[in-house]
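Below: one structure, written as structure tokens.
The values are calculated or read from the model by the stated rules, or taken from the named source; none is laboratory data. These figures come from a predicted structure and were not determined experimentally. Glycine gets a Cβ as well: all are built from the backbone with ideal geometry, and neighbour counts include every protein chain shown.
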Amino acid sequence: MAYRAAIQAAKTEFSAKIYILGDNENAIEIQIWTAMLTNLLITLVKGKVKRKWAFSNLVSIIRQQLMNYINLYGFLEDPEGSWREVIKQKKIKYQNSLFPETMGAYF
């Protein structure tokens with residue numbers, strides 16, 4: 001019950017929508033720890049990158065690029081140049097294809 005009170009206090013204090021999946025204390029505790037660890041990791045990445053990023057933009061870019069095989073630090077330093085290099089080397093030949101062996105629609 002203490003977790004519910006803490007979540008309710010956080011909702012009213014920050015006036016933000018907080019989505020909690022699960023009702024028991026263990027589920028809430030796991031989600032809080034996951035959010036704290038994610039925040040820590042992204043803060044460490046932000047500190048290592050020389051280019052200045054807003055935290056929310058950095059989170060969005062990392063979320064979008066999670067499924068791509070790219071050098072994260074190189075991408076965050078120079079996004080356009082990094083993608084040009086990947087395309088030039090043809091490292092992601094079938095990146096966006098659901099069925100790479102058919103190479104597109106097969107009729």
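Just a few scattered comments:
- All positions within segment 19-30 that are at pLDDT 75 or above, over 16 Å from residue 5 (Cβ atoms) and not hydrophobic (A, V, I, L, M, F, W, C): 22, 26
- Looking only at segment 53-91, residues that are of a type in the set (Gly, Ala, Ser), within 29 Å of residue 35 (Cα to Cα) and either part of a helix (DSSP H, G or I) or in the same structural domain as residue 38 (by TED's automatic domain parsing) (or both) come to 4 in all.
- Qualifying residue in segment 40-51 (condition: modelled with pLDDT of 85 or more, in a loop (DSSP other than H, G, I, E, B) and surrounded by fewer than 12 Cβ atoms within 10 Å (Cβ to Cβ)): yes
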